[in-house]
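Heads up: the structure comes next, in structure tokens.
The values are calculated or read from the model by the stated rules, or taken from the named source; none is laboratory data. Everything quoted here is computed from the prediction, not taken from an experiment. Cβ placement follows ideal geometry from the backbone for every residue including glycine, while neighbour counts extend to all protein chains displayed. Accessible surface areas use protein heavy atoms only, side chains included; no ligands, DNA or RNA. Shrake-Rupley method; radii C 1.70, N 1.55, O 1.52, S 1.80 Å.
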Amino acid sequence: MKDIPKVTGTPINRIDGIAKVTGKAPYSMDHPVKNPAYAILIKSTIASGKIQEIDATAAEKAPGVIAIITHQNAPKLNVKGGLRGGALLQSPEIEFFGQHIGIVVAETFEQARYASRLITVTYDKKEPKVDFDNLADQARLPKDKEKADARRGDVQKALSQATYKVEEVYETPIEHHHPMEPHATIAEWNGDHVTLYNSAQIVNGAQTATAATLNLKPEQVRIVSPYIGGGFGSKGGQWANLALAAVAAKYVNRPVKLALTRQQMVNSVGLRQHNRQKISLAATADGKLTALVHETTTHCAINDEFIEPCGDCSKVMYDTPNSLITYRVVPMNLILPTYTRGPGKSTGSFALESAMDELAYKLKMDPIAFRIKNEPDRDPSNGKPWSSRAMVQCLQEGAKAFGWENRKFEPRQNQQGNYWVGYGVAAGTYPAHQRPTSALVKLKRTGDHVAATVELAAADLGTGTYTILTQTAADALGLPIQNVNVIIGDSDLPPAAGAVGSVGAASYANAVNDACVKLTQELVTKSGKQFFVRPTAAQLMRSEKITDFQTRVDSKPPERAEDYSSHSFNANFAEVAVNKSTGMIRVNRFLAVTGAGTILNPKTARSQIIGGNVWGIGMALTEESVVDPRWGNFVTRSLADYHVPTNLDIGQLDAIFINEKDEHVNTLGVKGIGEVGIVAVAAAVANAVFNATGKRVRELPITPDKVL
Amino acid sequence: MRAFTYTRAKDATSAIKLLAENPNAKFLAGGTNLLDLMKEDVERPNALIDISELDLSEIKPIINGANQGGISLGGLGKNTDSANHLLVRQHYPLLSQAILAGASGQIRNMATNGGNLLQRTRCPYFYEVAMPCNKREPGTGCGAREGINRMHAIFGWSEHCVAVYPSDMAVALTALDATVIVRSANGQQRSIPIADFYRLPGNEPEKDTNLMHGELITAIELPKNRFAEQSYYLKVRDRASYAFALVSVAAALEIEGNTIKQARIAMGGVAHKPWRALKAEQILVGKEATEATFKRAANAEMADAKPLTHNAFKVELGNRSIVLALQMAVNGGKA
Ligand SMILES: Cc1cc2nc3c(=O)[nH]c(=O)nc-3n(C[C@H](O)[C@H](O)[C@H](O)COP(=O)(O)OP(=O)(O)OC[C@H]3O[C@@H](n4cnc5c(N)ncnc54)[C@H](O)[C@@H]3O)c2cc1C
């Protein structure tokens, strides 16, 4: 029998691509259920206070209305069940503008929406705390121990002694995830079991949190999420709407479809918080860092804390004897912030990597040379050796590929027609972890034909999970990819880690590989033979005439993984053109050079990186959610107001991967690429804008008015 | 969305009649603005008269009358067709550029010329029914005046409303002295010069235009002009496409030798209507087409600007944009 060439590491097309472009891939609202009713959430129109009265008389009489559920008639739920952001209709208290205060269920979506507008609510209003600029000086120490002040050496002394330093404040605005598929759920009860069709980045997490909230056992809740129309963190932890769909379905004794409108997304499923970051850097004249201080002030919900780890990059990026990383937080009447792509790292690196660029300029040093000069040989935060670190290689190869030598050191030296052109660089990183994941592999033989089914409760956000798992299993079993069927996104399957924090690929691929290796071993044992060259599972199924065989593993990271500090690293290069008259900015070229260990599929990996780059460009130039400081409502509620980049904003994108073998991080050497793509993009763009115009913008997004 | 009746009009006369009979009825053209607003409960018609299939989409030369030698755009012509029509491209490239600077390809394929002129402000307080807005609900106050007003007016606003009018097409039409042709319930035809079509907010911000209920826009007429060689539509916005203008400038010049014989400038994103920059125009006429002249003209126009809390940048941006648009116009649209 001829050997099948390995497919891992080759750029095969997405397994789910055709289903998606032909509309056959079912997203949350597409699953067929019988006789569904439609629910819409009613939202508060104040940010702080208490509901006095809800008058639903007119709404109850509106055509098609089946039920109206508010805190007055909602069932008792467990508000500490693990869903994020509160708003579970358990009390009349209002903590933020747009908090859910009720559900209207009707025969059609439009009837529900119409009726929801007939409801009048009287409030006992309180002055809301929504103006970050006014509240920032009331920020307190975080409750989260991970965010306690982290101090090394004596930064004060180093700063006071240094001739070369930068002390600046960098601001990043509130952003929203705005995945293409807004959050949506179909809830269908069967006795005391409920099935929830709902996209989830963490399938098992959605199951346990919803079950706990509904006062059920996990096995009474099934989450079905085969496809996810983007999530970016907003579908990691789940939110009240998921449980409320189940509540509504129970209440009306029918399947219920509950979808958020785009406008409702701004105050239903978290946000990236406004961060005010002060960076203080000090260096010797020859460019050796002597101090790095990263102080973040931000906001959280009134009764719950979440803080983006903005100081994370500063912990690991550069070698410095003195370092201080702090967080302060002020509770505000806004929805709970949450993980957003590159959480803490993308916002934090904007501050850190801008400051590095500012200091390099003061030192009259090339910003790449300055970074290399401060490259740490171990993780400065804990002294562990790197499992692998390709930072310098990324910078050097990137510089070559990008044509960095054409950059002018001084700003405003590169004029092309009515444009200033500039180059910028920034370094990014994101931690690499493998999380416990189980996988079940089943083989079936018909004649000579062997087919595999791989099952685990993994998630594919549109990132390529189906594809890389198909590749991994095909290689590990000795099968062509057509004979491998990957089934994921269902809490009935073996439990798996979430597709969050760049752990998906490492956790899933290693689990599937472990399962396939174990299965092959079991087949060898079963055969009772000894082999000089170990046959593949597929060969064994044939030679031993086995028709059905399966095995399951509960896969864990290698024991020694914790002895190392494991991160993906990348170097980001931007060329921008800034219109001299109008300040409009175009990113002509963007290059990311990434060291992320084994690349399972260069095509899906590239899509991940350039997707992150595009969002990073949005973060740099266009994206901002604006709160009215009087009332706490967002004035940017649609995609016409919340600007993501368009095709015309994006020039040429390129992604290069360093050929990196990491023998410590996990069996397959996979470090993950979902987050690192966005991390240092905003800083690279901002640094390029400075190089082009001489204008240092420390407040994102860099809209035309800021560079005039 | 509120329940409404839907009628597809067979001809203009019956469409106008149906509308005139019901003060809460609205015409439905491309629907790209009206339907969005209905979903948000901002517009609340109880009847829609679909006019999209009326035979009013032709683009043709005007053979006689006041605008003889010019062209007529059907009120129900699609934005895409208007922008790409040979007559428009050759004789009114400014209009073509302005239309193409607006919205997206998909929206322009649906959007009609009449609907474009009547699109409503994008002020976020207008769009969210939980907010005060005198335009949406007279007497509730203006949310933007003391609120978030980066996108708002710097000219001609009143304490009742600081919204800006969003159309790009109308800015070019204003520079080009277009006339809006409407038909009323009594069968009469009215010609409204575009300068009289739009209003400043004053005490009645709920009124965007001087069109009366029951009037149908049948055509837009453009007079013959000599601007085709030297005109430019500049749109400054927060992203390269699919965003409303921070400031836009439609500039058209007729230059003989190096002397400006005629100048037309209109601005978008700065007022409750397309803002004709008459002061700037006056300064330009008879002068040499130099950067210094352009700067003087721009300064003269922008001197009257009254910015709000968050939009002071529009004064400087408007100033620079007028200069750049004029330079681009002189160079036949090239930088
Ligand atoms: C996301 C987005 C971005 C956009 N960006 C831009 C932009 O950058 N620049 C820009 O200029 N525009 C922009 N637009 C607006 C777009 O140009 C308008 O929505 C469109 O031109 C409206 O035309 P319509 O035919 O769809 O009008 P409709 O929505 O059908 O109607 C609009 C109004 O006009 C009335 N009406 C329509 N036709 C007639 C008629 N013949 N006689 C009398 N009354 C009539 C209707 O009753 C209604 O009140 C954008 C729209 C969207 C959704």
Residue among B:Ala305, B:Ala280, B:Ala298, B:Ala292 that is more than 16 Å from the ligand (Cβ to nearest atom) and surrounded by fewer than 18 Cβ atoms within 10 Å (Cβ to Cβ): B:Ala292
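Looking at the structure I just gave you, is A:Thr636 within 20 Å of the chain's Cα centre (by Cα) and within 12 Å of chain B (Cβ to nearest Cβ)? Working first, answer last.
Working: within 20 Å of the chain's Cα centre (by Cα): no; within 12 Å of chain B (Cβ to nearest Cβ): yes.
In short, no.
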Regarding A:Val524, is this residue of a type in the set (A, V, I, L, M, F, W, C) and surrounded by fewer than 18 Cβ atoms within 10 Å (Cβ to Cβ)? yes
Could you please tell me which pairs satisfy a Cβ distance under 7 Å, a separation of 6+ or placement on different chains, a first residue in the range B:214-232 that is within 14 Å of chain A (Cβ to nearest Cβ) and open to solvent by 40 Å² or more (accessible area, probe 1.4 Å), and a second residue that is away from the ligand (no atom under 16 Å from the Cβ) and outside any loop (DSSP other than H, G, I, E, B)? B:Tyr232/B:Ala251; B:Tyr232/B:Ala325; B:Tyr232/B:Met328; B:Tyr232/B:Ala329
Is it true that A:Lys61 is open to solvent by 60 Å² or more (accessible area, probe 1.4 Å) and farther than 30 Å from A:Glu305 by Cα? yes
Looking for something surrounded by 24 or more Cβ atoms within 10 Å (Cβ to Cβ), among the small types (Gly, Ala, Ser) and within 14 Å of another protein chain (Cβ to nearest Cβ) - is there at least one such residue anywhere in the range A:78-100? yes
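Can we say A:Gly478 is within 30 Å of A:Gly616 (Cβ to Cβ), among the small types (Gly, Ala, Ser) and open to solvent by less than 20 Å² (accessible area, probe 1.4 Å)?
Details: within 30 Å of A:Gly616 (Cβ to Cβ): no; among the small types (Gly, Ala, Ser): yes; open to solvent by less than 20 Å² (accessible area, probe 1.4 Å): yes.
Considered against the rule, which asks whether it is within 30 Å of A:Gly616 (Cβ to Cβ), among the small types (Gly, Ala, Ser) and open to solvent by less than 20 Å² (accessible area, probe 1.4 Å), A:Gly478 comes out as no.
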Regarding the range B:108-120, can at least one residue be identified that is within 14 Å of the ligand (Cβ to nearest atom), open to solvent by less than 20 Å² (accessible area, probe 1.4 Å) and touching a Pro at 6+ places or on another chain (Cβ under 9 Å)? no
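Can you pull out the residues in the range A:600-611 that are in a loop (DSSP other than H, G, I, E, B) and either among the aliphatic types (A, V, I, L, M) or within 13 Å of another protein chain (Cβ to nearest Cβ) (or both)? Show your work before the answer.
First pass over the range A:600-611, keeping only residues in a loop (DSSP other than H, G, I, E, B): A:600-601.
The answer is A:Leu600, and nothing else.
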Of A:Gly462, A:Gly447, the only residue that is open to solvent by 10 Å² or more (accessible area, probe 1.4 Å) and at pLDDT below 95 is A:Gly462
For the range B:173-213, how many residues are more than 13 Å from the ligand (Cβ to nearest atom) and either buried (at least 21 other Cβ atoms within 10 Å of the Cβ) or within 14 Å of chain A (Cβ to nearest Cβ) (or both)? 8
All but one of (1) open to solvent by 10 Å² or more (accessible area, probe 1.4 Å); (2) farther than 23 Å from A:Gly616 by Cα; (3) not aromatic (Phe, Trp, Tyr) hold for A:Arg341; state the number of the condition that does not hold. (2)
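For the condition touching a helix residue (DSSP H, G or I) at 6+ places or on another chain (Cβ under 6 Å) and within 16 Å of the ligand (Cβ to nearest atom), what is the one hit in B:Ala228, B:Ala219, B:Ala240, B:Ala251?
Working: B:Ala228 fails: within 16 Å of the ligand (Cβ to nearest atom); B:Ala219 fails: touching a helix residue (DSSP H, G or I) at 6+ places or on another chain (Cβ under 6 Å); B:Ala251 fails: within 16 Å of the ligand (Cβ to nearest atom).
From the options B:Ala228, B:Ala219, B:Ala240, B:Ala251, the qualifying one is B:Ala240.
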Among residues of the range A:264-286, those that are open to solvent by 10 Å² or more (accessible area, probe 1.4 Å) and under 21 Å from the mean Cα position of the chain (by Cα), counted: 4
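Name the residues in the range A:317-345 that are among the hydrophobic types (A, V, I, L, M, F, W, C) and more than 20 Å from the chain's Cα centre (by Cα), would you? Break it down into steps so the answer makes sense when it comes.
Just the residues of the range A:317-345 that are among the hydrophobic types (A, V, I, L, M, F, W, C), to begin with: A:317, A:324-325, A:329-330, A:332, A:334-336.
Matches in the range A:317-345: A:Met317, A:Leu324, A:Ile325, A:Val329, A:Val330, A:Met332, A:Leu334.
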Within the range A:586-603, is even one residue more than 21 Å from the chain's Cα centre (by Cα), under 30 Å from A:Gly270 (Cα atoms) and not aromatic (Phe, Trp, Tyr)? yes
Pairs only if they're at least six apart or on different chains, beta carbon under 9 angstrom, first in the range B:30-48 and under 12 Å from B:Gly115 (Cβ atoms) and away from chain A (no Cβ under 13 Å), second surrounded by 16 or more Cβ atoms within 10 Å (Cβ to Cβ) and of a type in the set (Ser, Thr, Tyr); list them, first residue then second. B:Gly30/B:Ser52; B:Gly30/B:Thr112; B:Gly31/B:Ser52
If we keep just the residues of the range A:101-131 that are hydroxyl-bearing (Ser, Thr, Tyr) and open to solvent by less than 50 Å² (accessible area, probe 1.4 Å), which is farthest from the other protein chains (Cβ to nearest Cβ)? A:Tyr123
Spot the failing condition for A:Lys145; the list is (1) in contact (Cβ under 8 Å) with a residue 12 or more places away in the chain; (2) closer than 30 Å to A:Gly205 by Cα, and only one is missed. (1)
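Quickly run through the range A:679-708 and pick out the residues that are open to solvent by 30 Å² or more (accessible area, probe 1.4 Å), more than 14 Å from every other protein chain (Cβ to nearest Cβ) and touching a strand residue (DSSP E or B) at 6+ places or on another chain (Cβ under 7 Å).
Matches in the range A:679-708: A:Arg698 only.
Among the residues that make up the range A:305-318, is at least one of them farther than 28 Å from A:Gly677 by Cα and touching a helix residue (DSSP H, G or I) at 6+ places or on another chain (Cβ under 9 Å)? Walk me through how you get there before you give the answer.
Just the residues of the range A:305-318 that are farther than 28 Å from A:Gly677 by Cα, to begin with: none.
Scanning the range A:305-318 turns up no residue that is farther than 28 Å from A:Gly677 by Cα and touching a helix residue (DSSP H, G or I) at 6+ places or on another chain (Cβ under 9 Å).
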Failed condition for A:Val676, given (1) within 14 Å of another protein chain (Cβ to nearest Cβ); (2) of a type outside the set (S, T, N, Q); (3) buried (at least 20 other Cβ atoms within 10 Å of the Cβ); (4) in contact (Cβ under 8 Å) with a residue 40 or more places away in the chain: (1)
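One line per residue, one yes/no per condition, for (1) within 12 Å of chain A (Cβ to nearest Cβ); (2) in contact (Cβ under 8 Å) with a residue 12 or more places away in the chain:
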{"position": "B:Gln97", "(1), (2)": "no, yes"}
{"position": "B:Gln106", "(1), (2)": "no, no"}
{"position": "B:Leu118", "(1), (2)": "no, yes"}
{"position": "B:Glu128", "(1), (2)": "yes, yes"}
{"position": "B:Glu137", "(1), (2)": "no, no"}
{"position": "B:Asn149", "(1), (2)": "yes, yes"}
{"position": "B:Ala153", "(1), (2)": "no, yes"}
{"position": "B:Ala163", "(1), (2)": "no, yes"}
